[in-house]
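Notes for the one structure printed next.
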Amino acid sequence: MQQGLNGNHDVIVVGSGAAGLTAALTLAETLKVLILAKGSLTGGSTAWAQGGIAAVLDAGDTFEDHIRDTMVAGAGLNRQETVELVVERAPPAIERLVKLGVPFNTDGNALHLTREGGHSHRRIVHVDDATGWAVQSALLEAAEANPNITLLPGRACIDLITGKHEARYSGSGRVWGVYALNQETGRVEAHTARATVLAAGGAGRCYLFSTAPRGATGDGIAMAWRAGARVSNMEMMQFHPTCLYNLDVKNFLVTEAVRGEGGQLKIPTGYLGEGERFMPRFDERAELAPRDIVARAIDHEIKRLGLDYVHLDISHQPPEFVREHFPMIHEKLTGLGIDMTQGPIPVVPAQHYTCGGIVTDLAGRTDLPGLYAAGECSESGLHGANRLASNSLLECFVFGEAAANDILAHWDGFDEPPPVRAWDESRVTDSDEEVVIKQNWTEIRRFMWNYVGIVRTTKRLERAQHRIALLSEEVAEYYRHFRVGTDLIELRNLLQTAELIVRSALKRRESRGLHYTLDYPETLPEAKDTVLVP
Ligand code: FAD
Ligand code: SIN
């Protein structure tokens, strides 16, 4: 038996991306906060964000328009009250980031606004084409300077500590913190706190091709589910239309802002219709239609013509304009022998964002007492069936703050954690099995890509479900017998998340937003969440 190793911390935040750091900075005004992060502190998607953050800042723009654009992209599945809350809190969120020193691009005295698909106005504040890195750096610097915040990287959280882990077993759903693998020592630590905020990011790595970083394995979603929280809309996996097609570099995003600034999608040379700008055939908004529409159109053209990729071409703009707007992408592509000022970029759709997740209310509260969720691991109702570009970082800022404020407002009601059981360290390692773990990892990602991708059928989903069931048995067996390592933790979560995605996809008997199935091509009159109950 042992008391939590960090009993002096009031709140635990799992994740050091935009959502986790925002929550921690707000909480740290009065409370002691422990932030745990898998791998490095900059290993989440936040650091990789390119395009920017959506906010109504232009005189000609309105909250109503941002709300409408969000709901149109979300195919009516969004929760209106969440959309209103987030849109209205966007300008103050940007102001806070400016105060923290994020060097947004400016246009005279105002912030420069770029444009992305699905937005009816220029509305995206950005730091060149590497907004995420600037935001991550500013938030992290502030957290590192805050004496009330302790940052512990290299901790892969395994499971939430709940009533069933209490030394005097209560079996309640109350969350008291997390068991986390110290990735350096290989020991499992029990970190307890009065409140826990999950901000562990998305589950993009369920798919073979994804723009998300290596650690996006759905850990937060899987942990919350195992502890008894509901998840919803897991079938709504977003595929970004324009990931670089390159045999060596498989997950480099080419920001939507390239299309926002005039980039056109074309049939590549050597194929029927070469050079044709095909998006106007699919949607009157052409390249600036919401992502689900553009990604499906590209997928259609790739399958119709037997292509490996399509072309994204912005070379009609002056070279200086391209270099100035997209310095990071220009440099990266130049290193790969592609000059985007002179010719097209080969692109394909790739998994990009997890719209579904842990069900939360407007204060970031989950179903479990003591547990909050914010950012990509949550389903707050903002994105509905398809996220509008650049609304995701925004959600992290608004809900990171909302969760923290709710904890602060109800602090007196949060009890001290009881003594909890230590992790059972008696399990052994078996190096042969580690090879199998890696193979299973690749297998899941491959069949999720092939069977649970942009266009689905019931038969394919059932095939995926069958494979997941077989692999889950195998992984549960490893988990019972072998010492946990990061790969096993991630594989277990990847499988759990894949299972939730497929189960949700089978439940939705219509096509809506990101979920498109040939067996039910119509959209039903009433939009309903797919809610899974543990
Ligand atoms: P993340 O930033 O992903 O952070 C997750 C954190 O959780 C990390 O610190 C990680 O280490 C930690 N973690 C995960 N599992 C565990 C575990 N088991 N134990 C401990 N810690 C754990 N959105 C926009 O709005 N605008 C953009 O321009 C934009 N561009 C993007 C470009 C790319 C290439 C990608 C991949 C995404 C982009 N997005 C963009 C989406 C956006 O970046 C993410 O949705 C957002 O950053 C998620 O933030 P987060 O705080 O929820 O999670
Ligand atoms: C991009 O820059 O295209 C990504 C923006 C987003 O995911 O919101």
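The values are calculated or read from the model by the stated rules, or taken from the named source; none is laboratory data. Being a predicted model, the structure only gives us computed values, none of them experimental. Don't worry about glycine lacking a Cβ; one is built from the backbone with ideal geometry, like all the others, and counts go over all protein chains shown. Accessible surface areas use protein heavy atoms only, side chains included; no ligands, DNA or RNA. Shrake-Rupley method; radii C 1.70, N 1.55, O 1.52, S 1.80 Å.
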> Measuring from centroid to centroid over Cα atoms, what is the spacing of segment 190-262 and segment 313-364 in Å?
Replying inline: 17 Å
> Out of VAL175, ALA23, ASN440, whose Cα points farthest toward the positive end of the dipole of the chain (charges: +1 Lys, Arg; -1 Asp, Glu; placed on Cβ)?
Replying inline: ASN440
>> With an 8 Å Cα cut-off and a minimum separation of 6 or more residues, compute the relative contact order for the chain in percent.
In response: 23 percent
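Beta carbons within 10 angstrom, averaged per residue: use that to sort the peptides 219-229, 382-392, 339-349, 178-188, highest first. If you can, show how the numbers build up before the last one.
On the way: 219-229: 25.5, 382-392: 27.9, 339-349: 18.9, 178-188: 17.2.
Ranking, from highest mean packing down: 382-392, 219-229, 339-349, 178-188.
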> What's the extension gain from SER472 to VAL455 if we count 0.36 nm per residue and subtract their Cα-Cα distance?
Replying inline: 3.7 nm
> Which lysines does LYS528 reach when only Cα atoms under 22 Å apart count, and residues fewer than 8 places away in its own chain are ignored?
Replying inline: LYS507
> What fraction of the DSSP beta bridges in the chain is antiparallel, stated in percent and rounded to the nearest 5?
Replying inline: 65 percent
> If you plug each phi of segment 232-243 into the Karplus form 6.51 cos²θ - 1.76 cosθ + 1.60 with θ = phi - 60°, what whole-Hz ³J(HN,Hα) values come out, in order, with x for Gly and Pro?
Replying inline: 9, 6, 5, 6, 8, 8, 8, 9, 7, x, 10, 9
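Based solely on its DSSP helices, what 222 nm [θ] is calculated for the chain when runs of n ≥ 4 H residues each add -39,500 (n - 2.57) and the sum is averaged over all residues, nearest 500 deg cm²/dmol? Can you show the working numbers first?
Working: 14 runs with 189 residues, N = 534.
Only helices count here, giving -11500 deg cm²/dmol.
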> With every protein chain in place, what's the accessible area of THR269 (1.4 Å probe, Å², nearest 10)?
Replying inline: 100 Å²
> Can you pull the accessible area of VAL13 for me, 1.4 Å probe, Å² to the nearest 10?
Replying inline: 0 Å²
> Amide H to amide H, which residues 5 or more places from LEU382 or on other chains are under 5 Å from it, using H placed in the peptide plane?
Replying inline: ARG79
> Measuring from the lowest to the highest alpha carbon on each principal axis, how far does segment 206-313 reach, largest first, in angstroms?
Replying inline: 53, 33, 27
>> Please state the shape class of segment 266-413: rounded when a/c is under 1.5, otherwise prolate if a/b exceeds b/c and oblate if not, all from the C-alpha gyration tensor.
In response: prolate
> aspartates and glutamates within cross-link reach of LYS250: Cα-Cα under 18 Å, excluding same-chain residues under 8 positions apart?
Replying inline: ASP299, ASP308, GLU331, GLU443
> Once the Cα gyration tensor of segment 1-137 is found, what semi-axes does its equivalent ellipsoid get, as square roots of 5 times the eigenvalues, in whole Å, sorted largest first?
Replying inline: 31, 18, 14
>> Check which residues have an amide H placed less than 5 Å from THR162's amide H, if you skip close sequence neighbours.
In response: TRP176
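If you roll a 1.4 angstrom probe over the protein chains with everything in place, what fraction of the accessible area of the chain belongs to carbon and sulfur, to the nearest %? Walk me through the numbers on the way to the answer.
Values: 10130 of 20310 Å².
For the chain, the apolar C and S fraction of the accessible surface comes to 50 percent.
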> Measuring from label point to label point, each 7 Å out along Cα→Cβ, what is the GLU95 to HIS316 span in nm?
Replying inline: 4.1 nm
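Pulled fully out, how much extra length does the chain show between GLU284 and ASP107, if you take 0.36 nm times their separation in residues and subtract their Cα-Cα distance? Don't skip to the end; give the middle numbers.
Numbers: separation 177, 0.36 × 177 = 63.72 nm, distance 2.97 nm.
Stretched fully, the GLU284-ASP107 segment lengthens by 60.8 nm.
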> How would TRP176, TRP423 rank on accessible area, largest to smallest, probe 1.4 Å?
Replying inline: TRP423, TRP176
> How large is the convex hull of the Cα atoms of the chain per residue, expressed in Å³ as a whole number?
Replying inline: 146 Å³
> Quick one: Cα centre-to-centre distance for segment 431-472 and segment 11-51, in angstrom?
Replying inline: 31 Å
